[in-house]
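See structure below.
The values are calculated or read from the model by the stated rules, or taken from the named source; none is laboratory data. Computed from a prediction, not measured in an experiment: that's the story for all the values here. So basically every Cβ, Gly included, is an ideal-geometry build from the backbone, and we count neighbours across all protein chains shown. Calculation scope for accessible area: heavy atoms of the full protein, side chains included, ligands and nucleic acids excluded. Shrake-Rupley method; radii C 1.70, N 1.55, O 1.52, S 1.80 Å.
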Amino acid sequence: MPKSDDIKVFISLRNSKCDECGAELGTKAWITLEENKGALCLPCADLDELIFLPTGDAALTRRARKHSGLSAVVLKFSRARGRYERQGLLVEEAALDQAEAECLVDAEARARRAERRRERDAELDRGYMDQFAARIRELFPGCPAGREQTIAEHACRKYSGRVGRSAEAKRFDEAAVRLAVAAHIRHRETNYDQLLVRGYERRDARSRVRDKVDTVLIHWQSQS
């Protein structure tokens, strides 16, 4: 079992609903359980920017966790054994890339990275993602070059209830697109992740970076 201070993500075995956004998550949803807040989907728990690293390679797991500023242990209940079992980690993609480079520099590492890219591509509807990125560029013309693709890719993945999969996002609703952009800014342009690691409650951490997020949003909305 993980240490008590690890962030934990549970793969639910029954129908789940996010107690913050109200989304029906179905079975096998990836959720966190926060005291007095109930179940949260990964976007509401601010863990949706992380990628999944399954168990099986202890050295890779150890290094990825070391390099990832924010990480979470993924657990699933085994009815046969009557206990929660570790399925892997959610880590930052850059941390996983660095860990892979340290573990293996040969064809095996390149093959594994290529397979991960294929799995990622399978989760994406490229046409829809490109339209979502174009809408980001339309609404936020000051967004740094290439960031709209990164934001769209994270938002439009098919698992875990990401904002880009919502009905509003599929209509390219401005509010839904803004949520995706704000989430990206929160993780990439502020010290939000570090605040979570230091033990801040999610709402408190969001409050501390809200002004910075709003400032960047306004800047990106202007032509640059």
*Does at least one position in segment 55-71 carry a residue that is open to solvent by less than 10 Å² (accessible area, probe 1.4 Å), in contact with an Asp or Glu (Cβ under 6 Å, 6 or more places away or on another chain) and under 26 Å from GLY22 (Cβ atoms)?*
yes
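Among ILE31, ILE7, which is the only one that is in contact (Cβ under 8 Å) with a residue 40 or more places away in the chain and among the β-branched types (Val, Ile, Thr)? Spell out how you get there, then give the answer.
Working: ILE31 fails: in contact (Cβ under 8 Å) with a residue 40 or more places away in the chain.
Selected residue: ILE7, the only one of ILE31, ILE7 that is in contact (Cβ under 8 Å) with a residue 40 or more places away in the chain and among the β-branched types (Val, Ile, Thr).
Which one of ALA101, ALA176, ALA114, ALA182 is modelled with pLDDT of 75 or more, in contact with a Gly (Cβ under 8 Å, 6 or more places away or on another chain) and either assigned to a helix (DSSP H, G or I) or surrounded by fewer than 16 Cβ atoms within 10 Å (Cβ to Cβ) (or both)?
ALA176
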*List every residue pair whose Cβ atoms sit under 8 Å apart, with the two residues 6 or more apart in sequence or on different chains, where the first one lies in segment 134-152 and is closer than 12 Å to LEU217 by Cβ and the second, anywhere, is outside any helix (DSSP H, G or I) and among the small types (Gly, Ala, Ser).*
GLY142/SER222; GLY142/SER224
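Within segment 140-173, restricting attention to residues that are in a loop (DSSP other than H, G, I, E, B) and basic (Lys, Arg), which residue is modelled with the lowest pLDDT? Spell out how you get there, then give the answer.
Looking only at segment 140-173, we keep the residues that are in a loop (DSSP other than H, G, I, E, B), and these are 140-146, 157-162, 166, 171-173.
Within this subset, residues satisfying the condition of being basic (Lys, Arg) are 157-158, 162, 171.
Numbers: ARG157: 70, LYS158: 56, ARG162: 52, ARG171: 61.
Within segment 140-173, the match that is modelled with the lowest pLDDT is ARG162.
Within segment 54-88, work out how many residues are assigned to a strand (DSSP E or B) and within 15 Å of ASP193 (Cβ to Cβ).
First, pick out the residues of segment 54-88 that are assigned to a strand (DSSP E or B): 54, 72-78, 83-88.
Among the residues that remain, those that are also within 15 Å of ASP193 (Cβ to Cβ) are: 72.
Final tally of qualifying residues: 1.
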*asked:* Every residue in segment 72-90 that is among the aliphatic types (A, V, I, L, M) and open to solvent by less than 70 Å² (accessible area, probe 1.4 Å), please.
replied: ALA72, VAL73, VAL74, LEU75, LEU89, LEU90
